[in-house]
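Some notes on the structure that comes next.
The values are calculated or read from the model by the stated rules, or taken from the named source; none is laboratory data. Just so it is clear, the structure is predicted and the values come from calculations on it, not from any experiment. Methodologically, a virtual Cβ is constructed for each residue, glycine included, from the backbone with ideal geometry; neighbour enumeration extends over all protein chains shown. Keep in mind that these areas ignore ligands, DNA and RNA; they rest on the heavy atoms of the full protein, side chains included. Shrake-Rupley method; radii C 1.70, N 1.55, O 1.52, S 1.80 Å.
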Amino acid sequence: MVTPPAVGRTLRVLLVTPDYPPAHGGIQRLLHNITSAMPNTEVRVITPQTDGSEAFDNDAGQVVYRVPNPFSRALLRNAAFNASGLLAPRKWRPDVVLNGHVVSGPVAAMIAHRYGVPTVLYTYGKEIAGRPGMAAWSLKRSASAIAVSEYTRDQLRTASGRGIHSPIHVINPGVQIPAPHTADRADRPTILTIARLRDWYKGHDMILEALPRVRAAVPTVRWVVVGDGRIRSELEARARQLGLDDAVEFVGGVGDDLKNELLATSHVFAMPSRYPKNEVGGEGFPVVYLEAAAWGLPAVAGNVGGPAEAVLNEVTGLTVDPESPQEIGDALIRLLSDTEFAARLGRSARERTVAQFTWQAVASQLESVLRLAAGGKK
C-alpha cells in the first residue's frame, strides 16, 4: 500500500499514452479514471486522435492534446505516436511525465528530457510478456514504475533482469461503486461472464466443458456471456455439441444499463483465466472481478497471477485450477447450491471493494508516487 500524499501545491502531471478514451478498453478507462480522481493535480494528456475524441475531450475535465495517427497496424501506430507526440504544445511545463504504456516509452523519455523532469511508467501485465525488451528499456529510463498487481511487478522485474534499481510500486485498479441495490436475483441460477471473446486464456472454453457437470447438479442453471469477438462462433458450436443451447446465452456487447442489470440479478461471476504457454496473454489485475464484487457477486477465478490477487479464496470467491473443468464445475456447484455461503462471500467481496478499490483511494496512491518521483514537490 502506497502512503497517501501530503496535501500541498498542485502537481502538474503530463500523461503520455496511446490508450485513452473514447477508445474502448480496460487500460483506457483505468488511466482516465485514476488520473481524473487525483485530488491535488493538474493533468494534461498527449494521446492519439480517435473517433469521438472531440466530444469526449470537451467533457473530460482534463486538457487533452490529440495527435494524428492514421495507421491500423500496431507497429506503425506505435512508431507514429512516438514521433508525433513530440509535436504537442510545449508551453506548459509538467513536474512529472506519466508514461501510460511501455510502447510510448521513447516519446515519454524525450519529453521528460526536454523539460528536465522524471518519468513514471505504468504497467498492466500482458504488454510486458509481449514486449519484454521495450518494458525493460522504458523502466531503465523511469524514476519509478507502477504495476497493477504483484504478478505484474514480478513480470516487469523478470523482463528487466538485473541492474534495474527503479522502484516498482503496486497500485491496484479502482472501480465505481454502485449504490446498494434491492433487485432480486434471477429465478434461474445464473452464472455471468463479462469478457471479450478474443482470447482463449479468459477461460470461456473451460466453463463450457464444466457446464454439463454443473447442470447435472443444478438442472436449471444458465450461463450468460457478455462480450464479442473472434472465438464466439467456436464457443457457440461447442455449446451445441454439448447440448447446452438452453443453458447458454451469448448476448454480445451490451450497454452499461444491461450490464448492471445482469450484475445485479446474477448469482455468480466466473472467469477462470489461465496462462497458456502458446499464447501471449494473462491478467494483470482484471477490473471486471472488482465490478462484480461491487455488486455483491462471489467469483470463480483462476488460482494464478492477477486473478488470485483480485479474488480471495474462500473470502470473496473461489479460486481454482483454471485448466480443470472439474474444479471449475465443483466451485460453481458449491456457490449455486449453498446460497448462504455464496451470499457471505458476496458481502465480503463488496465490503473489500468499498474499503480498498474506490477511484479516490487508488488515485491518492498514484499521486503519492508521482510526487515522490517529482522530488517531493508540495
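So the values come out like this:
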| quantity | calculated |
| --- | --- |
| Segment 110-155 - Debye-derived log10 I(q)/I(0), Cα point model, q = 0.16, 0.18, 0.22 Å⁻¹ | -0.43, -0.53, -0.74 |
| Counted charge near R196, where neighbours are those whose Cβ lies closer than 11 Å (Asp, Glu -1; Lys, Arg +1) | +2 |
| Protein accessible area in the chain, 1.4 Å probe - carbon and sulfur % | 51 percent |
| Rounded to 5, percent antiparallel among DSSP beta bridges of the chain | 0 percent |
| For a label point 7 Å along the Cα-to-beta-carbon line of E42, residues of segment 71-108 with backbone N under 20 Å | 88-99 |
| Difference of contour (0.36 nm per residue) and Cα-Cα distance, A355 to I231 | 41.0 nm |
| Fraction of the pair-distance distribution of segment 318-378 above 16 Å, Cα-Cα pairs, percent | 65 percent |
| Extent along principal axes [Cα atoms of the chain; Å; largest to smallest] | 65, 45, 42 |
| Compactness of segment 132-266 as Cα Rg over 2.2 N^0.38 Å, two decimals | 1.43 |
| Kirkwood Rh, angstrom, segment 194-273 [1 / mean 1/r, Cα pairs] | 13.0 Å |
| Longest segment of the chain lacking chymotrypsin sites (Phe, Trp or Tyr not before Pro) that sit in a DSSP loop with at most 15 other Cβ atoms within 10 Å | 93-378 |
| Quotient of C-alpha Rg and 2.2 N^0.38 Å, computed over segment 44-191 | 1.27 |
| D154 paired with D59, simple spin-label distance in nm, labels 7 Å along Cα-to-beta-carbon | 4.1 nm |
| Pairs of lysine residues in the chain - Cα separation under 29 Å, sequence separation of 8 or more or cross-chain | 12 |
| Normalised alpha carbon radius of gyration of segment 208-367 [divisor 2.2 N^0.38 Å] | 1.05 |
| Using a Förster distance of 51 Å, the FRET efficiency for A186-H113 (Cβ separation, nearest 0.05) | 0.35 |
| Accessible area (Å², per residue) of segment 207-325, counting only protein heavy atoms and a probe of 1.4 Å | 38 Å² |
| Spread of Cα-to-Cα distances over 5 Å intervals beginning at zero, given as percent, for segment 1-117 | 2, 11, 22, 25, 20, 12, 5, 2, 0 |
| Cα principal axis extents for segment 154-229, largest first, Å | 57, 35, 25 |
| P(r) weight above 11 Å for segment 138-180, C-alpha pairs, percent | 67 percent |
| Stokes-Einstein D (µm²/s) once Rh is taken as the Kirkwood radius of segment 15-76 over alpha-carbon pairs, at 4 °C in 1.567 mPa s | 107 µm²/s |
| Mean residue ellipticity (222 nm) of the chain, computed from DSSP H runs ≥ 4 via -39,500 (n - 2.57), nearest 500 | -12500 deg cm²/dmol |
| 1.4 Å probe accessible area per residue over segment 1-126, in Å² | 45 Å² |
